[in-house]
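The values are calculated or read from the model by the stated rules, or taken from the named source; none is laboratory data. Since the structure is predicted, the reported quantities are computational estimates derived from the model, not experimental observations. Note: ideal-geometry Cβ built from the backbone for every residue, glycine included; neighbour counts use all protein chains shown.
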Amino acid sequence: MAKAVIGISASEVTIQSGPFMGEPRTYVNAAYVDSVLKNGGIPLVIPFTAGGEEMAFQQLDLVDGLILSGGHDVDPHLYGEEIDQKSGETWPDRDAFDMALLKRAEETGKPVLGICRGAQIINVAHGGSMWQDLSLRPGHTLKHMQATRPDVGTHVVKIKSGTTLEKIMGESSLMTNSFHHQLIKEVAPDLTESASASDGVTEALESTDGKVIAVQWHPEEMHANPAPEAAIMNRLFKYLIDKAEEEKK
């Protein structure tokens, strides 16, 4: 049987120098591609397009599973808030595009892995909300935007017993990396919180059928680290790819 094709939602960056200065460039960090390749899938980068929901649907139909990647802050207007001074750069058109990819994946039963911004998009698309900056959250909050290199874990995540995430990882806790200044506030009503940090911040979500898994950390950056706890991150990508192959049958 042919390997599962995993779509990876892309962002854009503007070239700052050289002959193409000022040109937008479609990109994802190579770690996303490597994570899919290493775990037996075929990566396919899905570029942002402004063709509306129908274009996103057609692009999603080309793949067997979806990774919603990191990037800009999610537009607070999507969860009924005005933009706070401490909110970062938003890109509403990409929000709409990623949500269309998610909608089509869920309609067609294709598995989804949301990473960082991708997890936030999943939560907001399902009716959840965000803290626009970690400083706005009451009480003690850990450092969730680490200064250490990205393949190194900096805080512990506790995985809830009986969740799909626990079955995937085979662990009750993980040392994860952390690169987000926004935090999940209200978990969407049809999603389950499957992991949290010691400060109570939500670190993972999942759907009841296990086809949608969302993590706030960056497993793609840790997957190649030789440390045992980092290698465990490959299990997330293997699960996504295996699930995608099952749906193809």
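Does Glu221 meet the test of being more than 21 Å from Ala30 (Cα to Cα), acidic (Asp, Glu) and in contact (Cβ under 8 Å) with a residue 12 or more places away in the chain? For Glu221, the condition - more than 21 Å from Ala30 (Cα to Cα), acidic (Asp, Glu) and in contact (Cβ under 8 Å) with a residue 12 or more places away in the chain - is not met. Contact map, the range 1-29: first residue closer than 30 Å to Glu246 by Cβ, second residue small (Gly, Ala, Ser) and not in a loop (DSSP other than H, G, I, E, B), Cβ cut-off under 6 Å, separation 6 or more or different chains; pairs are Ala4/Gly65; Ala4/Ala244; Ile6/Gly65.
Yes or no, residue by residue, for (1) modelled with pLDDT of 95 or more; (2) under 19 Å from Arg94 (Cα atoms):
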| position | (1), (2) |
| --- | --- |
| Val5 | yes, no |
| Glu12 | no, yes |
| Pro19 | no, no |
| Gly51 | no, yes |
| Asp64 | yes, no |
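Selection of the range 63-102 for residues being touching a Leu at 6+ places or on another chain (Cβ under 7 Å) and of a type in the set (A, V, I, L, M, F, W, C) yields Val63, Leu66, Ile67, Leu68, Leu101, Leu102.
Summed over the range 153-202, residues that are buried (at least 17 other Cβ atoms within 10 Å of the Cβ) and free of Cβ contacts under 8 Å to residues at least 12 places away in the same chain total 0. Of all residues in the range 43-74, those being closer than 25 Å to Pro219 by Cβ and outside any strand (DSSP E or B) number 13.
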